[in-house]
Amino acid sequence: MTLRFAYNTNGAAHHRLDDALGLIADSGYDGVALTLDIHHLDPFAENWAREAERVRGRLYGLSLGSVIETGARFLLDPRAKHEPTLVTADPAGRARRVAFLHRAIDIAAILGSEAVSFWAGVPKPGVDRQDAKGWLRDGLEQVVAYATERRVVAALEPEPGMLVETLDDYAALAIPGLTLALDTGHCLVTQEREPAAAVREFADRLGTVAIEDMARGNHIHLPFGEGDMDVPGVLDALEAIHFDKLVCVELSRESHRADRMIPDSLRYLRECRR
């Protein structure tokens with residue numbers, strides 16, 4: 001089978017969205033991982049639905065599929081990165097995160113996206129972890145129920161340092177309908193499993209997959225060839241399970257040279273298939 005690749009717009013932060021989509025399409029990708037942000041389909045803009053409809057037309061014209069990503073740093077609070085989350089102590093803050101994820105699901109429904117990827121959050125110092133787990137479960141159940149109603153795939157991404165950090169943390173939730181957003185690089189950071197083994201083990205629960213290079217134990221997204229990722233091995237595993245969804249390249253630190261990284265990354269991945 002032929003794997004389908006996408007590029008995450010968080011690695012094209014200095015490009016207008018239309019320009020980023022054009023560059024991604026011209027480079028030969030099959031899709032885009034669209035990180036909703038103030039400059040890339042702002043989900044809180046008054047005209048968000050109309051803009052989503054316009055972007056749907058743009059994606060269709062470029063023959064690009066999509067995944068919605070929700071990891072923008074200051075979208076919800078300009079003074080606190082990634083806050084509030086599903087494990088924020090303030091109920092109003094948690095409700096705001098849930099409302100944002102509902103909006104992301106609405107946008108995914110308009111675009112026909114394959115999945116909405118999101119994470120749990122980091123409990124603040126002094127927060128009881130059992131309380132945080134209860135808040136998280138409540139929020140996840142709301143999000144999954146809404147996604148099911150809208151016929152959108154909800155995918156939780158374990159993130160190093162967050163309450164749901166490992167694949168085992170995800171599996172322990174056992175929430176029906178909640179798929180896994182597997183960032184293969186994170187396996188190298190937590191060193192819980194080899195990335196290819198994770199692909200095989202969670203094959204029936206994968207909602208979306210991200211790939212990049214990373215050094216073991218160090219949560220920095222690296223261009224291919226600069227870390228410890230066995231990229232051919234991961235691609236072999238994805239092919240073996242007949243993964244037909246987008247495999248999303250995430251190079252969030254490379255926006256300053258996106259003009260090179262977008263085409264170079266796909267070239268590297270294609271070389272790995274030869």
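The values are calculated or read from the model by the stated rules, or taken from the named source; none is laboratory data. Values in this document were obtained by computation on a predicted structure and should not be read as measured data. With ideal geometry, Cβ positions are generated from the backbone for all residues, glycine too; neighbour counts draw on all protein chains shown. Heads up: the accessible areas ignore ligands, DNA and RNA and are worked out on the full protein's heavy atoms, side chains in. Shrake-Rupley method; radii C 1.70, N 1.55, O 1.52, S 1.80 Å.
Restricting to the range 40-58, and then to whatever is open to solvent by 10 Å² or more (accessible area, probe 1.4 Å) and in contact (Cβ under 8 Å) with a residue 40 or more places away in the chain, can you tell me which residue is nearest to Asp19 (Cα to Cα)? Reasoning before the result, please.
Initial filter on the range 40-58 (open to solvent by 10 Å² or more (accessible area, probe 1.4 Å)): 42, 44-51, 53-54, 56-58.
Next, only the ones that are in contact (Cβ under 8 Å) with a residue 40 or more places away in the chain stay: 44, 48-49, 53, 56, 58.
Numbers: Phe44: 21, Trp48: 19, Ala49: 20, Glu53: 17, Arg56: 15, Arg58: 11 Å.
Within the range 40-58, the match that is nearest to Asp19 (Cα to Cα) is Arg58.
Go through the residues of the range 247-258 one by one and say whether even a single one is assigned to a loop (DSSP other than H, G, I, E, B), more than 17 Å from the chain's Cα centre (by Cα) and within 23 Å of Glu159 (Cβ to Cβ).
no
So, in the range 78-96, how many residues would count as being farther than 17 Å from Gly161 by Cα and of a type in the set (A, V, I, L, M)? If you could, list the steps in order and put the result at the bottom.
Residues of the range 78-96 farther than 17 Å from Gly161 by Cα: 78-79, 89-96.
Filter once more, so that each one left must be of a type in the set (A, V, I, L, M): 89, 92, 95.
Matching residues across the range 78-96 total 3.
Condition check ((1) over 17 Å from the mean Cα position of the chain (by Cα); (2) in contact (Cβ under 8 Å) with a residue 24 or more places away in the chain; (3) closer than 17 Å to Ile262 by Cβ) across all residues:
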{"position": "Thr2", "(1), (2), (3)": "yes, no, no"}
{"position": "Tyr29", "(1), (2), (3)": "no, yes, yes"}
{"position": "Ser63", "(1), (2), (3)": "yes, yes, yes"}
{"position": "Arg94", "(1), (2), (3)": "yes, yes, no"}
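Strands (runs of 3 or more DSSP E) wholly in the range 183-230 with at least 1 residues that are over 17 Å from Leu251 (Cα atoms) and open to solvent by less than 60 Å² (accessible area, probe 1.4 Å) - which ones?
206-211
Can you confirm whether the range 16-39 contains a residue that is open to solvent by 30 Å² or more (accessible area, probe 1.4 Å) and of a type in the set (Val, Ile, Thr)?
yes
Let me spell it out: the conditions are (1) open to solvent by less than 50 Å² (accessible area, probe 1.4 Å); (2) under 30 Å from Ala25 (Cβ atoms); (3) without any contact (Cβ under 8 Å) to a residue 60 or more places away in the chain, and Val98 meets all of them except one. Which number is the exception?
(2)
Tally time: how many residues in the range 66-86 are touching a Gly at 6+ places or on another chain (Cβ under 6 Å) and either part of a loop (DSSP other than H, G, I, E, B) or open to solvent by 20 Å² or more (accessible area, probe 1.4 Å) (or both)? Even if it seems obvious, please write down each step before you answer.
Step one: filter the range 66-86 for residues touching a Gly at 6+ places or on another chain (Cβ under 6 Å), giving 66, 84-86.
Imposing the further condition that a residue be either part of a loop (DSSP other than H, G, I, E, B) or open to solvent by 20 Å² or more (accessible area, probe 1.4 Å) (or both) reduces the set to 84-86.
Looking only at that region, the number is 3.
Restricting the range 150-168 to residues that are without any contact (Cβ under 8 Å) to a residue 40 or more places away in the chain and in a helix (DSSP H, G or I), which is nearest to Asn8 (Cα to Cα)?
Leu167
Any idea which of Val122, Val143 is buried (at least 17 other Cβ atoms within 10 Å of the Cβ) and under 16 Å from the mean Cα position of the chain (by Cα)?
None of the other options fit; the residue is Val143.
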